[in-house]
1. What ranking do V130, V149 get, fewest neighbouring Cβ atoms within 10 angstrom at the top?
2. Kirkwood Rh, the stretch 37-161, all Cα pairs: how many Å?
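Just so you know, all these numbers are worked out from the coordinates, no wet-lab data involved. Bear in mind that the values here come from a model prediction, so they are computed numbers and not experimental data. Heads up, the Cβs are rebuilt from the backbone with ideal geometry, glycines too, and the neighbour counts pull from every protein chain shown.
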Amino acid sequence: MRSKSGAVLLPWLFIFLMLASLLWLLNRVNEGVQSTEACRTQLENIYQALRQYEQEHGRLPALQLFPVDYTEDGEEITLRNLLSDQPGFQAEWLLCPGSPEILRQHGITYLWNTELNQSSLTDRKDITWVLVDMQALDDNLPGPHFGKVHILFTDGRVELTDDPPHNLPVRF
């Protein structure tokens, strides 16, 4: 009798494990979708903060691809520091929720297009990228959003793509 009850339980155990696996997978996909949408919203918010910065200063800031410069008093010249005075700006916007924690620890997960230093978002003839997910530097590293990266353009558009900008100064 025991062998029959075990034979009956085995299919139910298999069904339970399959359902649990499916629920786990759906949860991961849902987290990925939410992360992708949060990243898009953050980049749109950064764009608005950059427009406010440009209106106040007459031009965009001068930044490095990845922040490594310091002012004379030792303060980092970063997008976070330059935009922190903008109304409503939140430093968390500079952290892509899909990026690995090791990148998030640096306080920014996006790369700045240095060709825009001291230029304008609004007075441009050409449309180019402003910020891109940091994983775009390495062709062998998948982007944080289902293998793709977000790109913020000078017209305010945010695009999800597996084809990062070709004019990144450094590629691995």
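1. So the ranking, lowest neighbour count to highest, is V130, V149.
2. About 14.7 Å, per the Kirkwood formula over Cα pairs.
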